[in-house]
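To start, the structure under review is shown below, and the notes come after it.
Computed from the coordinates by the stated procedures, all read-outs in this text should not be read as laboratory data. Quantities reported herein were computed from a predicted structural model and do not represent experimental measurements. FYI the Cβ positions are ideal-geometry reconstructions off the backbone, even for glycines, and counts take in every protein chain you see.
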Amino acid sequence: MTDKTVSLPEERQHGSFIKNNLRNYGMLMSLVAIMLFFQVVTGGTLLQPLNLTNLVLQNSYIVIMALGMLLIIVTGHIDLSVGSVAGFIGAVAALLMVTYKVDYTLAFVACLALGAAIGAAQGYWVAYFKIPSFIVTLAGMLVFKGLALAVLQGQSLGPFPATFQKLSSGFIPELLPEAGTLHPTSMLIGALLALGLVYASAKGRSREQSHGIEVEPYGFFLGKSIVLACAVLYFTYLIATYRGLPNVLVIMSALIALYGFVTRRTVIGRQIYAVGGNAKAASLSGIKTERLTFLTFVNMGALAALAGLVFAARLNTATPKAGLGFELDVIAACFIGGASAYGGVGRVGGAVVGAMIMGVMNNGMSILGIGIDYQQVIKGLVLLGAVCIDVYNQRR
Amino acid sequence: MTAMLEMRNVSKSFAGVQALRDVNFSVRAGQIHALVGENGAGKSTLMKVLSGVYPHGSYEGTIVFEGEERRFRDINDSEALGIIIIHQELALIPLMSIAENIFLSHPPSKLGVIDRDEVYRRTRELLAQVGLKESPDTLITDLGVGKQQLVEIAKALSKRVRMLILDEPTASLNEADSAALLERLMAFREQGIGSILISHKLNEVARVADHITVLRDGRTVDSIDCHAEPIQEDRIIRSMVNRDMAHRFPERNVKIGEPVLDVENWSVYHPIHPERQVIKNVSFGVKRGEVVGIAGLMGAGRTEFAMSLFGRSWGTNISGIIRLEGREIALPTVAAAIDAGLAYVTEDRKQLGLILADDVRKNITLASLDQVAPGRVIDDIAELKVASDYRNRMRIRCSDVYQETGQLSGGNQQKVVLSKWLMTDPKVLILDEPTRGIDVGAKYEIYCIINELAEAGRGVVVISSEMPELLGICDRICVMNDGAFVGEFKGSEATQEKIMRAIMRNERSIGNAAPAAAEMGGSQP
C-alpha cells in the first residue's frame, strides 16, 4: 500500500474551501445584510440597546424550540404541536404556581418533565407505530390547545411569583461597581466569551495542523477570528449599556452551545443525521433508528416546555392564546437555516440564524409601522426565497 | 407466413458497455416466441428498445412492425400500435378496483364523465377473456399475485393488442396460476396475437413456445424452431452460459481453517405474507479463509437468507441455530450481529448501504463509531485518520474524505461500503452482489479485496448472479433455488452448466404442472 498523505493540490483546496464556506456562511451573511438594512431604514432604532434586548427576549422561545425542531427535521419528521404544547405547559405552570402555590423550582422541573412525557407520547406513535409525524403532531396540536383552554377555563391566569418572572424578565446580577450606564459584569462575560471563542478555534486549528491536516489559510482564519470577536464584543457592549445580559440569553446561549456540540461531535448526534439521511442504511449499520426518533421527540417536548415557561414568565400570565402559531415560526426558522425537508441535513447554527432572521424582520417591520398583514406576506416570501436559494445551491 | 415484428441488427450501449450487439429477432403473428438468457444477457434491454422506452436514435438498427419501419419516441407510440409490455413488477394501483385499474388511462366516458355501466360491462368481458372470476369491484390489494397478473393482461387486452410482451410472468406465481396463465397465452395464439415470453423456467418455455431465442452478453447465440427440432435442455443451457472467460481473476493462497460460521435448520417466513416460507430449513457453513459462493436466480431467496442471518433484518418467524466459532449465539438485532463479528454488504448500495448525502468519512465510520469516539464524543482527528487510512488501503478515488459519497462512481462507492464493514473487524463477511453495476477494472480490485479478506482468515460469503465471478473466486459454491440449497460444488469442479442444471432440475420439480412437459423432449401442443 502506498503511503499517500491526506493533502491535495493547493488551488483545489482553496477553491472548494471558499465554496464550502460560502454555503455555510451564506445565511449568516443574509442576516447581517437584513440587520444593516433595517438599521438604516429605521434610522438606527434596530440596534439601540433597549430594542436589541427586546429582540432577544421576544425571540428566545422560538430559538429554544428551533433547537429541538432541527433534530426532528433532521430525522425526517416534523412537529406541529410545539406551539400548543408550549401554551399548555404555560397554563399548567400557572395552575401549579398561582392556583396551588407550588414552589417555583418544583413547578419548573415538573413542567419540563411533563413536556418530555408529552414528547414521548407523540414520539411513541411516530417511531414505533410508524404513524406519519405530521398526523400525530397535528392531533397533538389540537389536543394540547384544547387542554390549555380546559386548564385555564378560558381565562388568563397570573401573576407568577416574582422569582419565576426573572426567568424571562431578569438580568444577570451586577457584581461589579457600575460605570455609568455600562454593566461591567456583562461586559466582562462578553469579553471572556470572545476570547474563549478565538482561543478555542486557534487551538483546534493548531491541533489539526500538528496532525498534518490541511487547515484554512492563516489570513482567512485571522480575519474570521477578528470579525467574530468584534461582533461578540459589540453586541455585549450594546446590551450591557441597557440593563446587562438577560437571564434568558444566558440559558439560550448555553443551549445553543450544547446542541451544537451534540450534533457535531457526539455519536448520538451523528446517528441522528444518519437516520435522516438513509434510515434503512442506518439500521443495517446497527443503529437503533426507532429509539433515536423517539428520543428526538422526547427532547422536543422538553424544549417546548421550556419555551412555554419562558413565554409565560415574559407575559407574567398564562393565556389560552399563548403559543398560537409558534410552530410555524419555529419550522420556518429551521428551513430558512438550511435544513432539508427530506431529512439528514441541517445545522444548529443555521436554525439559530434562521430564527434570528425571522425575529429581526418582525422587529424591524414593526418599527417601520408595517401592518401585521403585510408582515406575514413578506415573511412567507422570505421563507420561500430562502429555501429556493438553498435548493438551487444544492443542485449546482 | 411473414414476420409481424422484425428487429434487425439492433445494438445498444450504455456509457461504453455494450448491452446489445447486432441482435436479430422476429416474431410472427400467432406465435409464442420465448426469449431466454442469464440475468444481464440483454433481454430486458431488447424489450425496452422494442417498446420505445429507449427511443429511436438511442440505439442502432431498425424495427419493422406490420410491414413498416417504426421509430418509437416513447412507450405511447408502441402502445398505439398494439405492442403491450407487462413488466415483472406489476404496475397496478393497489387501492383501486379491477375495473378502475383496467380503464385507468382511457375510461369510456360521455362528456368527460366516466360511464360506469360501460366500464363494468367491458371489464366483465375482459375478465371472462382472461379467465378471471372476480367482480370488477374487487380491489387489487385483495387479489393474489397470480390474479393480479391476469388483471394486467386484461388491461393489455382493453387496448388494441397485437403483440404481448411478458417479462417473467410466472416468477412469483404458484403452479396452478402459472398453468392458467400459460393456457391464456396459448388461447391468444389462436387469435393471432404475437407473444414474447421472457422466462427462466425452461419447462414452461418448452410447453408453450413456438420458437426460442437465446441471448448471451447482448448477442443472439441460438435460435430454435420448436416445431422443426426437439427441444434439448442441455443445448439451451449451454448456449445461455457458455462464454469466454472475459475477465480474469486474481490468484489467492488458499488456506482454509476451522469453521467460523455454521447455520443449521434455518427457516424464515415472509414478513408480509407470514404463511409463505421463504427459506426452507437450510444449513450452511463457512470456514476461516474460505470464500463460499451462493449461486441462484433472482428471487431464489439468497438475499433474504443473508439478511435474516444478519440480525434478523428480514423476515418473520425465524428459527434455526447459528454457531459462530462453534459457540451457539442468538443475533436478535443488527447491533448484536455486528458485535458478534458478522458483516453484511447489501445488494443495493445506494438504497441500503450508503448515506449518499454524507461524506466518505462519515460513511466509513458509521457502523463502528465507538472506535473513534471515546466517551461517546467523536474525536474528529482520529476519525479523519481512520477514514484516510481506508481510503488509501482500498484505493478509493475521491477528492478527499469530505467528498459526498453520492458523487463517487459505483466501484468507489462499493469500496466505501466495504471499508465501513472492514472497520467493524468482522469474522464473517457476506457480500451480496458485490460487483453489480461496477466496471471491469473496479471488479478486479474488489476481487483482490475479497482475496485479502480470506487470506486474513476471515470467512467470506459471496452472493452473485454472475456465475463466472463465482467460479473465478470461490472455493465452494452452493446453489440456492426457491429457498433451499439444491446443489453444492467445489470451486475447482463447478461449471456453469452444472450450476444451471441444478437450478433447472429444481425448477422443473417445483413447477411440474404437466408431467409430459417435464421431459423437455419437444412435447408440443
**Message:** If you split all Cα-Cα distances of segment B:32-77 into 5 Å bins from zero, what percentages do you get per bin, shortest first?
**Reply:** 5, 21, 26, 23, 18, 7, 1
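Relative contact order of segment A:251-335, please, whole-number percent, based on alpha carbon pairs below 8 angstrom and at least 6 residues apart. The partial results should precede the final answer.
Values: 21 pairs, mean separation 10.6, N = 85.
Reported as a whole number, the value is 12 percent.
Taking a ≥ b ≥ c as the square roots of the Cα gyration tensor eigenvalues, with a/c under 1.5 meaning rounded and otherwise prolate when a/b beats b/c, else oblate, which class fits chain A?
On the way: a/c = 1.66, a/b = 1.19, b/c = 1.40.
It is oblate, given that a/c is not under 1.5 and a/b is not larger than b/c.
How much length would be gained if the chain were fully extended between B:A336 and B:R235, taking 0.36 nm per residue of separation minus their Cα-Cα distance, in nm to one decimal? Intermediate values should be presented prior to the final figure.
Details: separation 101, 0.36 × 101 = 36.36 nm, distance 4.79 nm.
That pair, B:A336 and B:R235, stretches by 31.6 nm at full extension.
Looking at the square roots a ≥ b ≥ c of the eigenvalues of the Cα gyration tensor of segment A:37-139, which shape do they give, rounded for a/c under 1.5, prolate if a/b is larger than b/c, or oblate? Before the final figure, lay out the partial values.
Working: a/c = 3.25, a/b = 1.34, b/c = 2.42.
In terms of gyration-tensor shape, oblate.
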**Prompt:** Per residue of A:286-297, what is the mean number of Cβ atoms on other protein chains within 10 angstrom of that residue's Cβ?
**Reply:** 2
**Request:** Let me know the volume per residue of the alpha-carbon convex hull for the protein assembly as shown, in Å³.
**Result:** 217 Å³
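With a cut-off of 8 Å between alpha carbons and a minimum separation of six or more residues, what is the relative contact order of segment B:65-206 in percent?
Values: 170 pairs, mean separation 41.6, N = 142.
Taking the mean separation of contacting Cα pairs over the length of segment B:65-206, I get 29 percent.
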**Asked** Taking a quarter of the surface of the convex hull around the Cα atoms of chain B, what do you get in nm²?
**Response** 27.1 nm²
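Other chains near B:381-388: what is the mean number of their Cβ atoms within 10 Å of each residue's Cβ?
Per residue, the number of nearby Cβ atoms from other chains is 3 on average.
Per-residue mean of other chain beta-carbon atoms within 10 angstrom of the beta-carbon, peptide B:365-374? If you can, show how the numbers build up before the last one.
Values: counts 3, 12, 7, 2, 9, 1, 0, 1, 5, 0.
The shielding value for this peptide is 4.
Based solely on its DSSP helices, what 222 nm [θ] is calculated for chain A when runs of n ≥ 4 H residues each add -39,500 (n - 2.57) and the sum is averaged over all residues, nearest 500 deg cm²/dmol? All intermediate terms of the calculation are to be shown ahead of the outcome.
Details: 15 runs with 293 residues, N = 396.
My calculation for chain A gives -25500 deg cm²/dmol from helical runs alone.
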**Request:** Going by C-beta contacts inside 10 Å, put B:L46, B:L164, A:L96 in order with the fewest on the left.
**Result:** A:L96, B:L164, B:L46
**Message:** Can you classify segment B:160-295 as rounded, prolate or oblate using the Cα gyration tensor, where a ≥ b ≥ c are the square roots of its eigenvalues, rounded means a/c under 1.5, and otherwise it's prolate if a/b beats b/c and oblate if not?
**Reply:** oblate
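Sort B:L342, A:L36 so that the residue with the fewest other Cβ atoms within 10 Å of its own Cβ comes first and the one with the most comes last. Intermediate results must be reported in sequence, preceding the final value.
Numbers: B:L342 26, A:L36 12.
Ordered from fewest to most neighbouring Cβ atoms within 10 Å, B:L342, A:L36 come out as A:L36, B:L342.
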**Asked** Can you name the helices of chain A, as whole DSSP H runs, whose Cα span along the helix axis is 24 Å or more and whose Kyte-Doolittle mean is not below 1.0?
**Response** A:49-74, A:104-129, A:133-152, A:218-240, A:247-265, A:289-315, A:348-367
**Message:** With an 8 Å Cα cut-off and a minimum separation of 6 or more residues, compute the relative contact order for chain A in percent.
**Reply:** 34 percent
**Request:** May I have the count of lysine pairs in chain A with C-alpha atoms under 28 Å apart, counting pairs 8 or more residues apart or located on different chains?
**Result:** 18
**Message:** With 10 angstrom as the radius, rank A:E178, B:E134 by how many other C-beta atoms surround their C-beta, starting from the fewest.
**Reply:** A:E178, B:E134
**Asked** When the helices in chain B are scored as -39500 (n - 2.57) per DSSP H run of 4 or longer and the sum is shared across all residues, what 222 nm value do you end up with, to the nearest 500 deg cm²/dmol?
**Response** -9500 deg cm²/dmol
**Asked** In segment B:202-303, which GluC sites (Glu not before Pro) fall in coil by DSSP and have 13 or fewer other Cβ atoms within 10 Å?
**Response** B:E251, B:E275
